[in-house]
Structure formats: structure tokens, C-alpha cells
1. Please determine, by comparing only the residues of region 292-313 that are open to solvent by 30 Å² or more (accessible area, probe 1.4 Å) and more than 27 Å from residue 393 (Cα to Cα), which one is farthest from the ligand (Cβ to nearest atom).
2. Are there any pairs, at least 6 apart or on different chains, whose C-beta atoms fall under 9 Å, with the first in region 86-100 and assigned by TED's automatic domain parsing to the domain that holds residue 242 and within 12 Å of the ligand (Cβ to nearest atom) and the second of a type in the set (Phe, Trp, Tyr) and in a strand (DSSP E or B), and if so, which?
3. Among the residues of region 20-29, is any in a helix (DSSP H, G or I), among the hydroxyl-bearing types (Ser, Thr, Tyr) and at pLDDT 75 or above?
4. So how many residues does region 314-327 have that are of a type outside the set (S, T, N, Q), in a strand (DSSP E or B) and open to solvent by 40 Å² or more (accessible area, probe 1.4 Å)?
5. Could you count how many residues in region 55-85 are closer than 18 Å to residue 206 by Cβ and within 16 Å of the ligand (Cβ to nearest atom)?
6. Mind listing whichever residues of region 300-337 are farther than 21 Å from residue 369 by Cα and in contact with a Phe, Trp or Tyr (Cβ under 9 Å, 6 or more places away or on another chain)?
7. The conditions are (1) within 25 Å of residue 248 (Cα to Cα); (2) at pLDDT 95 or above; (3) among the acidic types (Asp, Glu), and residue 451 fails exactly one of them. Which is it?
8. Just to be sure, is residue 430 in a strand (DSSP E or B), open to solvent by less than 10 Å² (accessible area, probe 1.4 Å) and not acidic (Asp, Glu)?
Amino acid sequence: MDKKRIDIHCHLFSKQTLSRKVVSLLIKQLTDVSLSEIKVKKAGRKIFYKNLDVFEEEFDKISKINYFLKIGFNNDSEHIYKKLQQVEKNYIIAPLTLDLDFCFDEDKISGTLDRIQKYDENLLTEFKTIKTALDANIKNVTFDIKQYYNLYIKQKNKKELTNSRIEKFKNTKKEFDELSDKLVGEKRNSFASNYKADASFYSQLEQIKQLKQDDKYQDKVFPFLSVDPRRENILQFVKKNVGKDKIFYGVKIYAPTGYSPTDPVLFGTDNNNDCVYKFCEDNRIPITAHCSDAGFATFAENINITGEIYRFKEVIRVDDFQLYFKFNVIKDGVKAVEERAEILNHPLLWEKVMQKFPNLYLNLAHYGGKNDEWRQHIVNLMSKYNNLYTDLSGLYSKDLLIKIRNKFFKKLPKNIKNKIMYGSDYYIVTIFEDDFEKYLSNFKKVFSRRDFDKITIDNPSRFLFER
Ligand SMILES: [Zn+2]
């Protein structure tokens, strides 16, 4: 195989996958838009302009949500893939599927259709409440701006500039209304009917299968199967569908959605070693595991768990344990995600996995994200285990990338540098950075040509293909 560049971590799932999850995610993003501080009335001219700046920043957040929705609303993975290809020309990609069906309060979601519908309704109500509040806020601020516009803005060129900014706000808002209407709007039931138990997961797999079976893409696309140990018969499914000549080339693990990395289905037990990691180790199947303290996390307030978890600064073992979280994902946002990530996904939990399966090809994705402590743990693990890798996906902040280069990458010995891979986290990353061209160019600017080749060609080829 000639040496092509590789994006080791991206997502191509479409609307069906996300339907209700999109709503929860939107809720999280929208609560982050804050216009309530802006009170033009009390302002002098200087503050009036400053408020316009804040207004613009907040509207940028909305326009990112719009961008994400526009891509995510496409019904097929191929469409999303083509968008990615416009930037990552000729790259080989490893699209990771995502099983989010167990991400929600099991109490509310399992069981009867009635209960599922009830849950959907609650989510919708929540979304609508937040959107109504946001609408009112925008209206007030806009009204204020109009009222004081003539008072504060006298020069013609300033007027034109301000007008064009206001025009931009209007368009963003209009687009957002249209997109969110499409999601939850007029046809109340379209949202619920998009979701049948398991439909999102299997329709996602179906689309990936179509892509992989297309002659055009066969040697460009190497999908990873999302494995949630709570899904019935998942081990059998893995054995049947993951391998060198199968649709799926690797396995994806996302523990913060509500399970331990050493769940018995994945890790085996004292008397039974027939498990996902064993199968992957024996057959040299690469695994990518989410490993940052951001991203998705289970919405449940309590989960039943068996395996290792990280609590009170140490790894502890629990069996059939009812774990109660302190924070609520919808109410507390980031704090709740961090809480779940730490308990279920701390890098030291993965050390347990490596101790038992030392030859496993494992990618601890996102290189710890924003968390330097996790990053250091990952470095330590990489120095202990030959086949332990990490990827730089989702690192859209150029400053963070520079910090990682200076404080970590540059100081690493060669054998560890050889295990750091480029990843995009497309199209999830477009929520945070809607200019994907910029995302890739950050990497080209921050890393030398030689290092860029290393992280996009040599290292991921080893992780993906080396036998
Ligand atoms: Zn990802």
C-alpha cells in the first residue's frame, strides 16, 4: 500500500443516529449562549459598541450550532464523507460509529413505548423552554440596539458597519429557527418517529456498510464498530463483523456513556476469558477508546456498574454496584460530563486493561483533551506498553495544540513520538470550529513538515495496518 495520510478519528453518522441526542446536545450548547448580561439602555457609546461585540460572540456560537445541524441533517454518511474529503483530500479515514442508545436514563427510556415517548416529550419541552427564553433575550437586546442606535452611532461608515453586523445576526437567527423547526417543529411526531429502539445504531451501521462496500471507497475507509457491553450479544456481533476482511476494521469504546472499561463483556472474568479485548488482542484488531474529560456522557443520574471505576483518586473494583452521580448533564453541563469521564474513563482504568492484555493495540483518543494530568498519565502508559497509542482529535484550539507540542510532544523520546496520531473528530468538532479547513491547517502550522508526516502517515499506518 502506498503511503497515504490517515485521519484516525472521525465520525460520519447522520441524522438518524443523533435525532434525540442532537436535541440533548443542542440544549447543552444553547445554555452556553448568554445574552442576559447585555443591557444597552444603561450604556454610553463605548459600552454600546462593547455590547455589540459580545452580541457578535454569542451569535457566533449559534452559527456554529447551525453549521453542525446542517451537516448532521444529511441522511447519508456518504454526503458527510464528501464534505470531509473536500478538506482532507485523499486521506484514508477511520470513521468511528457511536452507540448512544444507552446514554439516557435507563429508568425513563427502557420499557414501554409510552415511557420512551414521555421521555422524548420532556426533552422537547426542555428544548422549547430554553429556545423561548433565548428568543425573548434576543428580542430585548435587538430592541435596545435599535432604540439607541441613532443616539450612539453618528458617523456614516460606523452605521454601515453596524448595519452589516446586525444583518448577519438576523440571518444567523433565521437559519437557526429554520433548522430547529425542522428538528422539533411543526410535525411534533417526526422527532419521535425518527427514533425506534435500536434504529439509530443499526441504521448507522447500515450506512457505514454501504460506504465500505462501494468500490470507490473500499481502500480509503476503515470503520470502527462502537461496542457497548450493555447491548445484547455484542461479543458475538464483534466476532462476526470485525476483522481484516470484514466491514469493520476496529472497535470503538466510549465508557463515559455509562460502563466500566473493565466491564466483564469487554474484559472477561476470573473464570471466563472469552471477551472483546481477548478477541481483539488475538486477532490484532485495533481499539480506539475515548479518553478526555469532555464530549458525550450518560444522561442517567445513576447506573448499575461492574468493573473498575476511578473514585476518590484511586482505581476501585465494584460489582453490580449502583453508582449515583452528583451532577446532572442537562442542568450542570460540563461539570457532569467531567464527573462521569473521571469515574468511568480515567487513563489509569485503562492501565488495568493493558496489564491483562499487554499486546492490545489501543488508542487512548484525544490525548487527554484539555487535561494535562491525564495527558501525562497517557504518556506514562505509552512508555510502558508498545502498542498503546493516542490521537490528537478534537483539538481545535491552536493555542492548546502549541502547548501540547512545546510541553509534551517535543520532549518525548522517539518511541513515544511514534505513537501520536492525527485525528479530526469531524464532524463533532464543527460545533466548536466551523471552519474545518482551519482545523487541519492548525496542525500543519504547529507541527514541522516531518512531524506532520509522522502523525498523519507513519504512526497511524502502524496502528491501523502493521501486523
Ligand atoms: Zn470523537
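1. Once the filter is applied, the top-ranked residue is 312.
2. The qualifying pairs are 94/224; 95/224; 96/224; 97/224; 97/248.
3. There is no residue in region 20-29 that is in a helix (DSSP H, G or I), among the hydroxyl-bearing types (Ser, Thr, Tyr) and at pLDDT 75 or above.
4. 8
5. Matching residues across region 55-85 total 4.
6. 300, 301, 302, 303, 304, 305, 306, 307, 308, 316, 328, 330
7. Every condition holds for residue 451 apart from (1).
8. Working: in a strand (DSSP E or B): no; open to solvent by less than 10 Å² (accessible area, probe 1.4 Å): yes; not acidic (Asp, Glu): yes.
Considered against the rule, which asks whether it is in a strand (DSSP E or B), open to solvent by less than 10 Å² (accessible area, probe 1.4 Å) and not acidic (Asp, Glu), residue 430 comes out as no.
The values are calculated or read from the model by the stated rules, or taken from the named source; none is laboratory data. Keep in mind it's a predicted model, so treat the numbers as computed, not measured. Quick reminder, even Gly has a Cβ in these numbers, built from the backbone with ideal geometry, and neighbours come from all protein chains shown. Remember, those area values only see protein heavy atoms, side chains included, never the ligands or the DNA or RNA. Shrake-Rupley method; radii C 1.70, N 1.55, O 1.52, S 1.80 Å.
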